[in-house]
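Asker: Structure below; questions to follow.
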Amino acid sequence: MASAKATMGQEKQDHFVLKSGHAMPAVGLGTWRAGSDTAHSVQTAITEAGYRHVDTAAEYGVEKEVGKGLKAAMEAGIDRKDLFVTSKLWCTNLVPERVRPALENTLKDLQLDYIDLYHIHWPFRLKDGAHKPPEAGEVLEFDMEGVWKEMENLVKDGLVKDIGICNYTVTKLDRLLRSAKITPAVCQMEMHPGWKNDKIFEACKKPGIHVTAYSPLGSSEKNLAHDPVVEKVANKLNKTPGQVLIRWALQRGTSVIPKSSKDERIKENIQVFGWEIPEEDFKVLCSIKDEKRVLTGEELFVNKTHGPYKSASEVWDHEN
């Protein structure tokens, strides 16, 4: 059982230091399904709520909006060097020769010269225009080693400060570590008390890979903010259920990227420093039963007839 203070150190710690030595703000604004108010949300998060970390991806379709929000924040006096911007390489671009052009496109849309962290979004290559779910022949061979080498070159050339991975299994991480010259700085994955993802979480510790939790509140179908255990702890601490779930992630030693398009919620979600969940309540939250992933990848990668992945379990290498 992880201790409530595990790897947190000071309770006011608002960042984590990556293996590279770069500081990553502990709470970031997520922008998946962020919608048409994204520029406003990004600007508000930075200039009014004090966020310094924004997480986005080419596949979200909002990078131009994120770029407008970042630009407005910088025009309001925020220094670029104080911001931490994450983006992700989509599955259709998982071939070595497409890595740099994909990043250049992201930089153009974000109106930036470099980004702080660039992830492989999912470790599966898709054909351009792949259907959801994919048809026969739309999930292609992924040259993980070749793509990672190109990601490493982006670091060498100063276009990206750190590189990382999302939605990896222990099996896929082990494969990557065998050839990587630069160890992934961060592994981003779904994590909340209803899906603790312990196996990959533990696997990241030995090589010193920092973990970022996405979907910290669960999902619309299994919203942990309405879980009676979470509500009870929130009432006891006089915090919102969302704050308790975000704080839980921090006390586990992970950074966390809650998403909201409501100004009030954006501000609330970063009020998670200077207090902590007591040990006994942290343990109670940890004992919420693991149910299932919110994001299985099934819609993106599974073709039950033709494969190569015929089930979500195969997508996750039967690890959980």
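The values are calculated or read from the model by the stated rules, or taken from the named source; none is laboratory data. In this text, all values refer to a predicted model and were calculated from it rather than measured experimentally. Heads up, the Cβs are rebuilt from the backbone with ideal geometry, glycines too, and the neighbour counts pull from every protein chain shown. The accessibility values were calculated without ligands, DNA or RNA, using every heavy atom of the protein model including side chains. Shrake-Rupley method; radii C 1.70, N 1.55, O 1.52, S 1.80 Å.
Each row is one residue, and each column tells you yes or no for (1) open to solvent by 10 Å² or more (accessible area, probe 1.4 Å); (2) among the charged types (D, E, K, R).
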{"residue": "I78", "(1), (2)": "yes, no"}
{"residue": "V85", "(1), (2)": "no, no"}
{"residue": "R98", "(1), (2)": "yes, yes"}
{"residue": "E104", "(1), (2)": "yes, yes"}
{"residue": "Q111", "(1), (2)": "yes, no"}
{"residue": "I115", "(1), (2)": "no, no"}
{"residue": "I120", "(1), (2)": "no, no"}
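Asker: Can you tell me which residues in the range 134-157 are open to solvent by 50 Å² or more (accessible area, probe 1.4 Å), under 23 Å from the mean Cα position of the chain (by Cα) and in contact (Cβ under 8 Å) with a residue 40 or more places away in the chain?
Answerer: D143, K149, E150
Asker: For K289, all conditions in the list (1) more than 17 Å from C166 (Cβ to Cβ); (2) in contact with a Cys (Cβ under 9 Å, 6 or more places away or on another chain) hold save one; what is the number of the exception?
Answerer: (2)
Asker: Same structure again: State all residues of the range 12-33 that are open to solvent by 20 Å² or more (accessible area, probe 1.4 Å) and in contact with a strand residue (DSSP E or B) (Cβ under 8 Å, 6 or more places away or on another chain); if no residue qualifies, say none. Break it down stepwise before answering.
Answerer: Kept after step one, since they are open to solvent by 20 Å² or more (accessible area, probe 1.4 Å), are these residues of the range 12-33: 12-15, 17, 19-23, 25, 32-33.
Of everything in the range 12-33, those that are open to solvent by 20 Å² or more (accessible area, probe 1.4 Å) and in contact with a strand residue (DSSP E or B) (Cβ under 8 Å, 6 or more places away or on another chain) turn out to be D14, H15, V17, K19, S20, H22, A23, P25, W32, R33.
Asker: In addition: Identify all residues within the range 274-305 that are open to solvent by 70 Å² or more (accessible area, probe 1.4 Å) and closer than 22 Å to W316 by Cα; write none if there are none.
Answerer: Those that are open to solvent by 70 Å² or more (accessible area, probe 1.4 Å) and closer than 22 Å to W316 by Cα: K289, E291, K292, E299, K304, T305.
Asker: Separate question: Taking interchain pairs and intrachain pairs at least six residues apart, which have beta carbon atoms under 7 angstrom, with the first residue in the range 272-289 and over 14 Å from P228 (Cβ atoms) and charged (D, E, K, R) and the second modelled with pLDDT under 95 and not in a helix (DSSP H, G or I)?
Answerer: Within 7 Å, the pairs are E276/A4; E276/E11; E279/A4; K283/M1.
Asker: Tell me, which residue of the range 203-221 that is in a strand (DSSP E or B) and touching a Leu at 6+ places or on another chain (Cβ under 7 Å) is surrounded by the most Cβ atoms within 10 Å (Cβ to Cβ)?
Answerer: Within the range 203-221, the first condition is being in a strand (DSSP E or B), and the residues that meet it are 210-214, 218.
After this cut, where a residue has to be touching a Leu at 6+ places or on another chain (Cβ under 7 Å) as well, the list is 210, 218.
On the way: H210: 24, G218: 21.
Top of the filtered list is H210.
Asker: So, one more: Would you be able to say whether some residue in the range 99-111 is under 25 Å from H15 (Cα atoms) and more than 19 Å from the chain's Cα centre (by Cα)?
Answerer: Within the range 99-111, one or more residues are under 25 Å from H15 (Cα atoms) and more than 19 Å from the chain's Cα centre (by Cα).
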